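Accompanying notes for the structure given below.
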Amino acid sequence: MVWTIAIDALVAAAVLAVWYLWFAHHNRRRASQVLRWIHAATAGHGQLGRVHWSSPSRFHVGVWLSSYAFQHAWITVELLPRELPLNWLVGWWRHRQEVATFDADLDFAPNFNLEVHNHRWLGPQKTKIRASSREQWGLVRPGPFLLTTRTDWHKDLTNMMHALVASRDSDFIKVSFRKKSPHFSATVPLQSLSPTSQSAAALFDVLRELATGASASRF
């Protein structure tokens, strides 16, 4: 009985080891593909630096950009944690997606903290609208709006708001401005860097517009 348990444990450990090594290698190959995407996206904007792995599913790559807006920039790529079955299962259950986060300092630190999330709500797909009522429905696309708890903010936010509207077209998940380093952070789905994505080529142009908007705003 004891030997049977020991053998089962060894077999389970061997299976987990093979799983870990196989998918860790798979993520390395996936990383090579992603680095080619990033290299293509940064063409004409700068060049890539060294790659540092902090886990089998997360790596960081330094980015040198010719734009004056960014200093000490790097990109963090988070792949699906395939190397651990439980983590992969939890990620699959929560519909976790692979993302890339651009972090950098600005020439002038913002004098405000701002975090913008890109949320999309969809109604239940099973909900049916009667044909007779569809004609009474009107679709409206509202403009950007700002909610703030401050009473001493300036109203000259035109550049910032235009840049944030442009960031929606690049499918950003989150954009952050901070007083402390890193001053600027933007997260996008990894697929947005794919050569087949329409927003990949203009990604760094939008990042520069966001940084410029932060420098122009003083709230």
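The values are calculated or read from the model by the stated rules, or taken from the named source; none is laboratory data. Predicted model only: the values in this text are computed from it and were never measured. A quick note on method: Cβ atoms are made from the backbone with ideal geometry, for glycine too, and the neighbour counts reach across all protein chains shown.
Annotations for the structure displayed:
- Where E98 falls short, out of the listed (1) farther than 20 Å from D171 by Cβ; (2) under 13 Å from the mean Cα position of the chain (by Cα): (1)
- If only residues of region 163-205 that are at pLDDT 80 or above and among the β-branched types (V, I, T) are counted, the one that is surrounded by the fewest Cβ atoms within 10 Å (Cβ to Cβ) is T196.
- Selection status of W3, among the aromatic types (F, W, Y), out of contact with any Asp or Glu (no Cβ under 6 Å at 6 or more places or on another chain) and surrounded by fewer than 13 Cβ atoms within 10 Å (Cβ to Cβ): yes
- Every residue from region 70-95 that is surrounded by fewer than 18 Cβ atoms within 10 Å (Cβ to Cβ) and assigned to a loop (DSSP other than H, G, I, E, B): R94, H95
- Test for A40: is it under 23 Å from S199 (Cα atoms), touching a Leu at 6+ places or on another chain (Cβ under 9 Å), buried (at least 18 other Cβ atoms within 10 Å of the Cβ) and among the small types (G, A, S): no
- Residue list for region 1-58, filter: under 18 Å from E78 (Cβ atoms), among the hydrophobic types (A, V, I, L, M, F, W, C) and in contact with a Lys or Arg (Cβ under 9 Å, 6 or more places away or on another chain): F23, A24, W53
- Residues that are part of a helix (DSSP H, G or I), aliphatic (A, V, I, L, M) and either in contact (Cβ under 8 Å) with a residue 60 or more places away in the chain or surrounded by 17 or more Cβ atoms within 10 Å (Cβ to Cβ) (or both) are absent from region 48-66 altogether.
- Scanning region 59-103 for residues that are among the hydrophobic types (A, V, I, L, M, F, W, C), at pLDDT 85 or above and farther than 23 Å from Q33 by Cα returns F70, L89, V90, W93.
- Residue check for W19: surrounded by 18 or more Cβ atoms within 10 Å (Cβ to Cβ), in contact (Cβ under 8 Å) with a residue 12 or more places away in the chain and assigned to a helix (DSSP H, G or I): no
- Filtering A24, A31, A104 for residues that are surrounded by 13 or more Cβ atoms within 10 Å (Cβ to Cβ), within 23 Å of D205 (Cβ to Cβ) and touching a residue at least 12 places away in the same chain (Cβ under 8 Å) leaves a single hit, A104.
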